[in-house]
Amino acid sequence: MTPLNPRLASPLGTSASSLLPSLQSNIRSLPSCPLSFVVMALRGLKSPFDCLLLDLDDTLYSSTVGIAQACRKNIEEFLAVKCGISAERAFSLRVELFRSYGSSLAGLIALGYDVHPDEYHSYVHGRLPYELIKPDAELRELLLGIPQTKILFTNSDRQHARRALQRLGIEEGCFRRIICFETMNPHLFGDEIGANSSPPLPAVATPEVILKPSAPAMEMAVRLAGFGPHRTLFVDDSERNIAAGKAAGLRTALVGKRLKTKEADYLLDSISRLKQVVPEIWGRLEMERGGDHGATAMRSDLDSIRPTSPVGA
Ligand SMILES: [Mg+2]
(Lines give C-alpha, C1' and ligand atoms only; values in the text may rest on other atoms or scores of the structure.)
Protein backbone atom coordinates (compact mmCIF):
# COMPACT_ATOMS: atom_id res chain seq x y z
CA MET A 1 0.00 0.00 0.00
CA THR A 2 1.36 3.40 -0.94
CA PRO A 3 2.03 5.45 2.21
CA LEU A 4 -0.05 8.51 2.91
CA ASN A 5 1.33 11.97 2.34
CA PRO A 6 4.19 12.60 4.84
CA ARG A 7 2.29 15.61 6.16
CA LEU A 8 -0.12 13.19 7.77
CA ALA A 9 2.68 11.45 9.63
CA SER A 10 3.67 14.59 11.52
CA PRO A 11 0.42 16.07 12.76
CA LEU A 12 1.81 18.00 15.72
CA GLY A 13 0.92 21.64 15.52
CA THR A 14 -1.20 21.17 12.43
CA SER A 15 -4.94 21.56 12.63
CA ALA A 16 -7.20 18.79 11.41
CA SER A 17 -9.06 21.12 9.08
CA SER A 18 -5.86 22.23 7.36
CA LEU A 19 -4.98 18.61 6.71
CA LEU A 20 -8.33 17.59 5.28
CA PRO A 21 -7.62 18.69 1.69
CA SER A 22 -4.38 16.72 1.74
CA LEU A 23 -6.13 13.74 3.28
CA GLN A 24 -8.86 13.92 0.67
CA SER A 25 -6.24 14.00 -2.07
CA ASN A 26 -4.51 11.00 -0.60
CA ILE A 27 -7.72 9.04 -0.30
CA ARG A 28 -8.65 9.69 -3.91
CA SER A 29 -5.25 8.54 -5.06
CA LEU A 30 -5.39 5.41 -2.96
CA PRO A 31 -8.36 3.31 -3.94
CA SER A 32 -7.04 0.40 -1.88
CA CYS A 33 -6.53 2.44 1.32
CA PRO A 34 -8.66 0.80 4.06
CA LEU A 35 -11.22 3.09 5.62
CA SER A 36 -10.02 1.98 9.06
CA PHE A 37 -6.58 3.37 8.25
CA VAL A 38 -8.10 6.72 7.40
CA VAL A 39 -10.08 6.67 10.64
CA MET A 40 -6.89 5.89 12.55
CA ALA A 41 -5.11 8.77 10.82
CA LEU A 42 -7.87 11.14 11.81
CA ARG A 43 -7.98 9.79 15.33
CA GLY A 44 -4.25 10.27 15.75
CA LEU A 45 -4.16 13.77 14.36
CA LYS A 46 -4.15 15.48 17.70
CA SER A 47 -3.53 12.77 20.26
CA PRO A 48 -0.78 13.81 22.65
CA PHE A 49 0.26 10.17 23.07
CA ASP A 50 2.30 7.73 20.99
CA CYS A 51 2.45 4.97 23.57
CA LEU A 52 0.71 3.64 26.67
CA LEU A 53 2.62 1.88 29.45
CA LEU A 54 0.06 -0.17 31.35
CA ASP A 55 0.49 -1.82 34.72
CA LEU A 56 -1.21 -5.20 35.26
CA ASP A 57 -2.14 -6.05 38.85
CA ASP A 58 -4.79 -3.84 40.44
CA THR A 59 -4.82 -1.79 37.24
CA LEU A 60 -6.21 -4.01 34.46
CA TYR A 61 -8.27 -5.82 37.09
CA SER A 62 -9.56 -4.53 40.41
CA SER A 63 -7.66 -4.77 43.67
CA THR A 64 -10.87 -6.08 45.21
CA VAL A 65 -10.99 -9.41 43.36
CA GLY A 66 -8.81 -11.05 46.02
CA ILE A 67 -5.53 -11.62 44.19
CA ALA A 68 -3.65 -8.92 46.12
CA GLN A 69 -4.85 -10.28 49.45
CA ALA A 70 -3.85 -13.83 48.51
CA CYS A 71 -0.47 -12.57 47.33
CA ARG A 72 0.21 -10.86 50.65
CA LYS A 73 -0.71 -14.05 52.51
CA ASN A 74 1.61 -16.12 50.30
CA ILE A 75 4.50 -13.70 50.87
CA GLU A 76 4.09 -13.92 54.63
CA GLU A 77 4.04 -17.73 54.37
CA PHE A 78 7.19 -17.62 52.26
CA LEU A 79 8.93 -15.47 54.85
CA ALA A 80 7.98 -17.94 57.56
CA VAL A 81 8.54 -21.23 55.72
CA LYS A 82 11.53 -20.41 53.52
CA CYS A 83 13.31 -17.71 55.52
CA GLY A 84 12.66 -18.81 59.08
CA ILE A 85 10.81 -15.64 60.03
CA SER A 86 8.27 -16.05 62.80
CA ALA A 87 4.66 -15.87 61.70
CA GLU A 88 4.16 -12.90 64.02
CA ARG A 89 7.05 -10.99 62.47
CA ALA A 90 6.22 -11.94 58.87
CA PHE A 91 3.43 -9.38 58.50
CA SER A 92 5.46 -6.37 59.66
CA LEU A 93 8.56 -7.52 57.77
CA ARG A 94 6.60 -7.81 54.54
CA VAL A 95 5.38 -4.23 54.95
CA GLU A 96 8.87 -2.99 55.81
CA LEU A 97 10.47 -4.74 52.83
CA PHE A 98 7.87 -3.34 50.46
CA ARG A 99 8.33 0.20 51.76
CA SER A 100 12.12 0.06 51.77
CA TYR A 101 12.92 -2.05 48.71
CA GLY A 102 9.82 -1.96 46.50
CA SER A 103 9.05 -5.64 46.97
CA SER A 104 9.62 -8.41 49.48
CA LEU A 105 11.85 -10.29 47.04
CA ALA A 106 14.00 -7.23 46.43
CA GLY A 107 14.31 -6.74 50.18
CA LEU A 108 15.23 -10.35 50.88
CA ILE A 109 17.95 -10.31 48.22
CA ALA A 110 19.28 -6.97 49.45
CA LEU A 111 19.43 -8.31 52.99
CA GLY A 112 21.47 -11.30 51.84
CA TYR A 113 18.90 -14.09 51.85
CA ASP A 114 19.68 -16.81 49.33
CA VAL A 115 16.40 -16.63 47.46
CA HIS A 116 16.12 -17.29 43.76
CA PRO A 117 13.39 -15.31 41.97
CA ASP A 118 11.92 -18.44 40.39
CA GLU A 119 11.53 -20.08 43.80
CA TYR A 120 9.92 -16.94 45.21
CA HIS A 121 7.55 -16.40 42.30
CA SER A 122 6.59 -20.07 42.19
CA TYR A 123 5.62 -19.93 45.85
CA VAL A 124 4.01 -16.47 45.94
CA HIS A 125 2.37 -16.29 42.50
CA GLY A 126 2.18 -19.96 41.54
CA ARG A 127 -0.43 -20.66 44.20
CA LEU A 128 -2.68 -17.66 43.60
CA PRO A 129 -6.42 -18.24 43.07
CA TYR A 130 -6.39 -17.09 39.44
CA GLU A 131 -9.97 -18.22 39.03
CA LEU A 132 -10.92 -15.01 40.87
CA ILE A 133 -9.90 -13.03 37.77
CA LYS A 134 -12.84 -13.11 35.39
CA PRO A 135 -12.82 -12.58 31.62
CA ASP A 136 -13.32 -8.90 30.85
CA ALA A 137 -14.65 -8.42 27.32
CA GLU A 138 -15.07 -4.67 27.83
CA LEU A 139 -11.43 -4.30 28.81
CA ARG A 140 -10.35 -6.35 25.80
CA GLU A 141 -12.41 -4.13 23.51
CA LEU A 142 -11.03 -1.02 25.17
CA LEU A 143 -7.42 -2.13 24.77
CA LEU A 144 -7.88 -3.27 21.18
CA GLY A 145 -9.44 0.10 20.39
CA ILE A 146 -6.40 2.05 21.53
CA PRO A 147 -4.52 3.00 18.35
CA GLN A 148 -1.21 3.74 20.05
CA THR A 149 1.51 1.25 20.96
CA LYS A 150 0.62 -0.56 24.17
CA ILE A 151 3.23 -2.05 26.49
CA LEU A 152 2.51 -4.02 29.65
CA PHE A 153 4.81 -2.83 32.44
CA THR A 154 4.60 -4.99 35.55
CA ASN A 155 6.84 -5.91 38.49
CA SER A 156 5.40 -9.42 38.38
CA ASP A 157 7.10 -12.36 36.72
CA ARG A 158 6.26 -13.38 33.17
CA GLN A 159 4.33 -16.49 34.15
CA HIS A 160 2.04 -14.47 36.41
CA ALA A 161 1.48 -11.89 33.69
CA ARG A 162 0.55 -14.61 31.22
CA ARG A 163 -1.86 -16.32 33.59
CA ALA A 164 -3.55 -13.07 34.59
CA LEU A 165 -3.93 -12.00 30.95
CA GLN A 166 -5.32 -15.42 30.05
CA ARG A 167 -7.90 -15.14 32.81
CA LEU A 168 -8.88 -11.65 31.62
CA GLY A 169 -9.28 -12.98 28.09
CA ILE A 170 -6.63 -10.64 26.69
CA GLU A 171 -4.09 -11.94 24.18
CA GLU A 172 -0.43 -11.16 24.83
CA GLY A 173 -0.32 -9.90 21.27
CA CYS A 174 -2.49 -6.99 22.36
CA PHE A 175 0.76 -5.54 23.70
CA ARG A 176 3.82 -4.81 21.61
CA ARG A 177 5.90 -6.19 24.45
CA ILE A 178 5.73 -7.15 28.12
CA ILE A 179 8.20 -5.55 30.49
CA CYS A 180 8.20 -7.72 33.62
CA PHE A 181 10.47 -8.90 36.43
CA GLU A 182 12.64 -10.99 34.10
CA THR A 183 13.00 -8.08 31.64
CA MET A 184 14.27 -5.76 34.35
CA ASN A 185 16.45 -8.32 36.12
CA PRO A 186 18.21 -10.60 33.62
CA HIS A 187 21.31 -10.50 35.84
CA LEU A 188 19.43 -12.60 38.41
CA PHE A 189 19.00 -15.30 35.77
CA GLY A 190 22.59 -15.39 34.61
CA ASP A 191 22.35 -12.77 31.88
CA GLU A 192 23.86 -9.34 31.83
CA ILE A 193 21.42 -6.48 31.84
CA GLY A 194 21.05 -5.24 28.32
CA ALA A 195 22.77 -8.21 26.73
CA ASN A 196 19.69 -9.28 24.83
CA SER A 197 17.77 -6.03 24.87
CA SER A 198 16.82 -4.01 21.89
CA PRO A 199 17.69 -1.17 22.08
CA PRO A 200 20.80 -2.09 24.13
CA LEU A 201 20.67 -1.15 27.78
CA PRO A 202 23.59 -0.02 29.93
CA ALA A 203 25.11 -2.55 32.29
CA VAL A 204 24.36 -2.25 35.99
CA ALA A 205 27.31 -2.66 38.30
CA THR A 206 25.56 -4.15 41.30
CA PRO A 207 23.12 -7.06 41.07
CA GLU A 208 20.33 -5.17 42.76
CA VAL A 209 16.73 -6.01 41.98
CA ILE A 210 15.27 -3.47 39.58
CA LEU A 211 11.55 -2.84 39.93
CA LYS A 212 9.08 0.01 39.86
CA PRO A 213 9.23 2.58 41.39
CA SER A 214 13.03 2.78 41.10
CA ALA A 215 14.46 5.26 38.64
CA PRO A 216 16.41 2.56 36.74
CA ALA A 217 13.16 0.64 36.19
CA MET A 218 11.36 3.70 34.88
CA GLU A 219 14.28 4.66 32.65
CA MET A 220 14.46 1.11 31.31
CA ALA A 221 10.76 1.11 30.48
CA VAL A 222 11.04 4.44 28.67
CA ARG A 223 14.01 3.19 26.64
CA LEU A 224 12.37 -0.11 25.77
CA ALA A 225 9.15 1.64 24.81
CA GLY A 226 11.11 3.78 22.41
CA PHE A 227 8.96 6.90 22.57
CA GLY A 228 9.52 10.25 24.19
CA PRO A 229 8.33 10.10 27.80
CA HIS A 230 6.25 13.25 27.35
CA ARG A 231 4.37 11.38 24.57
CA THR A 232 3.89 8.26 26.70
CA LEU A 233 1.00 7.72 29.11
CA PHE A 234 1.90 5.63 32.17
CA VAL A 235 -1.15 3.95 33.76
CA ASP A 236 -0.68 2.44 37.23
CA ASP A 237 -2.53 1.94 40.53
CA SER A 238 0.43 2.82 42.78
CA GLU A 239 0.96 6.40 43.90
CA ARG A 240 4.67 5.69 44.32
CA ASN A 241 4.95 4.32 40.81
CA ILE A 242 3.04 7.29 39.42
CA ALA A 243 5.42 9.66 41.21
CA ALA A 244 8.39 7.80 39.76
CA GLY A 245 6.81 7.92 36.32
CA LYS A 246 6.30 11.64 36.58
CA ALA A 247 9.92 12.06 37.67
CA ALA A 248 10.94 10.16 34.53
CA GLY A 249 9.00 12.65 32.43
CA LEU A 250 6.01 10.44 31.65
CA ARG A 251 2.39 11.55 31.50
CA THR A 252 0.58 9.70 34.28
CA ALA A 253 -2.83 8.20 35.05
CA LEU A 254 -3.53 6.90 38.56
CA VAL A 255 -6.05 4.05 38.62
CA GLY A 256 -8.31 2.73 41.38
CA LYS A 257 -7.82 5.54 43.85
CA ARG A 258 -10.17 8.24 45.08
CA LEU A 259 -7.65 11.01 45.55
CA LYS A 260 -5.52 12.42 42.79
CA THR A 261 -1.88 12.91 43.70
CA LYS A 262 0.10 15.90 42.48
CA GLU A 263 2.14 13.64 40.20
CA ALA A 264 -0.95 12.19 38.52
CA ASP A 265 -2.16 13.96 35.38
CA TYR A 266 -5.36 11.89 35.42
CA LEU A 267 -7.35 9.97 38.03
CA LEU A 268 -9.46 6.94 37.08
CA ASP A 269 -11.52 4.97 39.57
CA SER A 270 -11.27 2.07 37.13
CA ILE A 271 -9.47 1.31 33.87
CA SER A 272 -12.95 1.01 32.34
CA ARG A 273 -13.18 4.81 32.59
CA LEU A 274 -10.14 5.42 30.41
CA LYS A 275 -12.11 6.57 27.41
CA GLN A 276 -14.14 9.06 29.44
CA VAL A 277 -11.22 10.42 31.49
CA VAL A 278 -8.51 10.46 28.79
CA PRO A 279 -10.42 10.79 25.51
CA GLU A 280 -7.45 12.53 23.94
CA ILE A 281 -5.85 9.10 23.54
CA TRP A 282 -8.16 8.73 20.57
CA GLY A 283 -7.39 12.18 19.22
CA ARG A 284 -8.85 15.64 19.22
CA LEU A 285 -11.93 14.93 17.16
CA GLU A 286 -13.21 12.40 19.66
CA MET A 287 -12.18 14.54 22.61
CA GLU A 288 -14.05 17.56 21.27
CA ARG A 289 -17.20 15.63 20.45
CA GLY A 290 -17.05 13.70 23.70
CA GLY A 291 -16.56 9.99 24.33
CA ASP A 292 -18.42 7.50 22.16
CA HIS A 293 -20.18 10.30 20.29
CA GLY A 294 -16.83 11.03 18.71
CA ALA A 295 -17.05 7.93 16.55
CA THR A 296 -20.25 9.21 14.97
CA ALA A 297 -18.68 12.61 14.52
CA MET A 298 -15.65 11.12 12.79
CA ARG A 299 -17.84 9.09 10.47
CA SER A 300 -19.63 12.31 9.61
CA ASP A 301 -16.34 14.07 8.99
CA LEU A 302 -15.20 11.22 6.80
CA ASP A 303 -18.43 11.29 4.83
CA SER A 304 -17.74 14.92 3.98
CA ILE A 305 -14.34 14.14 2.49
CA ARG A 306 -14.99 10.67 1.12
CA PRO A 307 -14.71 10.40 -2.66
CA THR A 308 -17.69 9.30 -4.69
CA SER A 309 -16.12 5.91 -5.40
CA PRO A 310 -15.73 3.54 -2.44
CA VAL A 311 -12.38 3.61 -0.64
CA GLY A 312 -10.86 0.31 0.30
CA ALA A 313 -14.11 -1.43 1.14
MG1 LIG B 1 -0.28 -2.60 40.20
Taking the options 289, 231, 251, 273, name whichever one is away from the ligand (no atom under 16 Å from the Cβ) and at pLDDT below 95.
289
Please determine, by comparing only the residues of region 75-114 that are of a type in the set (Phe, Trp, Tyr) and within 31 Å of the chain's Cα centre (by Cα), which one is farthest from residue 209 (Cα to Cα).
91
Of everything in region 131-170 that's in contact with a Cys (Cβ under 7 Å, 6 or more places away or on another chain) and part of a helix (DSSP H, G or I), which residue is farthest from the ligand (Cβ to nearest atom)?
144
Out of (1) within 13 Å of the ligand (Cβ to nearest atom); (2) under 17 Å from the mean Cα position of the chain (by Cα), the odd one out for residue 68 is which?
(2)
So which of 56, 97 ends up being within 24 Å of residue 240 (Cβ to Cβ), crowded, with 20+ Cβ neighbours inside 10 Å and away from the ligand (no atom under 16 Å from the Cβ)?
97
Does residue 68 satisfy being aliphatic (A, V, I, L, M), out of contact with any Ser or Thr (no Cβ under 9 Å at 6 or more places or on another chain) and either at pLDDT 95 or above or part of a helix (DSSP H, G or I) (or both)?
yes
Consider residue 127 against the criteria (1) touching a residue at least 60 places away in the same chain (Cβ under 8 Å); (2) more than 21 Å from residue 212 (Cβ to Cβ): it satisfies all of them except one. Which criterion is unmet?
(1)
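Count, please, the residues in region 171-195 that happen to be part of a helix (DSSP H, G or I) and among the acidic types (Asp, Glu).
2
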For region 207-228, which positions are within 14 Å of the ligand (Cβ to nearest atom) and of a type in the set (D, E, K, R)?
212
For region 234-248, name all the residues that are within 10 Å of the ligand (Cβ to nearest atom) and assigned to a helix (DSSP H, G or I).
241
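The values are calculated or read from the model by the stated rules, or taken from the named source; none is laboratory data. These numbers come from a predicted model, not from an experiment. With ideal geometry, Cβ positions are generated from the backbone for all residues, glycine too; neighbour counts draw on all protein chains shown.
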